[in-house]
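Since the structure comes first, as structure tokens, the remarks are kept for the end.
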Amino acid sequence: MRIVLGNDHGGVLLKCEIKKYLEQKEGLEIADLGCQIDEACDYPDMGQAVGEAVAAGQYDRGILFCGTGIGISISANKVPGIRAAVCGDCFSAKASREHNDANVLALGERVIGVELAKMIVDIWLASEFLGGRHGRRVEKIKKIEEKYYK
Ligand code: RB5
């Protein structure tokens, strides 16, 4: 699986921890478009960059980090085709894949600890979209995009 990471300065420490963690796993290719330690950058730029890379099919999934996960997920969600979910617990992480087919996960460095973040990432990467009635609802999300993104 090809995974792209992105972050602003508010999420850089958590990004570094998760990057190290994922790089030790088999079968994952990890790219990093985020800013590095001691740099400051704006979360909309990073959310957009990761959103565009995932929407273009360059990566299978994206993982974003900022202080709360909120600003960067809002930004990524402006890119058509992106379904970014801020998750602070394992239940939401699983549901965001199974029900919403989330292709981007957003985490808040100032909200959750590193060990919980690792569990969330593991569950999110392992969970699959269930389709069926959930597929119909995701199709409706796409229709909203078609209406407003001309
Ligand atoms: C940066 O200070 C902070 O605002 C940002 O990381 C994020 O939390 C925004 O949603």
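All of the numbers you see were taken from the coordinates with simple rules; none came from a lab. Note that the structure is a prediction, hence the values are computed from the model and not measured. Please note: Cβ atoms are built from the backbone with ideal geometry, for glycine as well, and neighbour counts cover all protein chains shown.
For the reader, a short list of remarks on this structure follows.
- Amide H contacts for A106 (H built 1.01 Å from N in the peptide plane; partners 5 or more residues away or on another chain; cut-off under 5 Å): L64, A85, V86, C87.
- J(HN,Hα) series, segment 82-95, from Karplus relation 6.51 cos²θ - 1.76 cosθ + 1.60, nearest Hz, glycine and proline x: 9, 10, 9, 10, 7, 10, x, 8, 6, 4, 5, 4, 5, 5
- Available extension along the chain between K25 and L13 is 2.4 nm, counting 0.36 nm per residue and deducting the alpha carbon span.
- Computed from backbone phi, the HN-Hα couplings of segment 11-19 come to x, 5, 5, 5, 4, 4, 5, 5, 4 Hz, rounded to whole numbers (Karplus: 6.51 cos²θ - 1.76 cosθ + 1.60, θ = phi - 60°; Gly and Pro given as x).
- I74-D60 pseudo-label distance in nm [points 7 Å out on the Cα-to-Cβ vector]: 3.2
- Taking the chain as a whole, the Cys residues whose C-beta sits 4.7 Å or farther from every other Cys C-beta are C16, C66, C87, C90.
- Residue-wise HN-Hα coupling along segment 43-50, computed from phi with Karplus coefficients 6.51, -1.76, 1.60 (Hz; x: Gly, Pro): 4, x, 5, 6, x, 5, 4, 5
- Extension gain for Y149 to H99 (0.36 nm times residue separation, less C-alpha to C-alpha distance): 15.6 nm.
- Each pair of Cα atoms in the chain enters the Kirkwood radius, and Stokes-Einstein at 37 °C and 0.692 mPa s then converts it into a translational diffusion coefficient of 218 µm²/s.
- Think of it as helices only: each DSSP H run of n ≥ 4 in the chain is worth -39500 (n - 2.57), and spread over all residues that comes to -14500 deg cm²/dmol at 222 nm.
- Taking the chain and dividing mean pair separation by its residue count, relative contact order in percent (alpha carbons under 8 Å, at least six apart): 23
- Estimated distance in nm for a label pair at L130 and D38, the labels positioned 7 Å out from Cα along Cα-to-Cβ: 4.8
- Peptides 21-32, 136-147 ranked from most to least packed by the mean count of surrounding Cβ atoms within 10 Å: 21-32, 136-147.
- Between segment 76-150 and segment 35-53, the alpha-carbon center distance in angstrom: 19
- A protection proxy built from the mean count of other Cβ atoms within 10 Å ranks the segments 68-75, 52-59, most packed first, as 68-75, 52-59.
- Lys, Arg +1 and Asp, Glu -1 on Cβ, resulting dipole of the chain about Cα centre, debye, nearest 20: 820
- Database remark: amide H of A31 closer than 5 angstrom to the amide H of I3, V4, L5 (H placed geometrically; neighbours at sequence offset of 5 or more, or on other chains; Pro and chain starts carry no H).
- Working ranking of peptides 113-120, 9-16 by packing, defined as the average number of other Cβ atoms within 10 Å per residue, highest first, is 9-16, 113-120.
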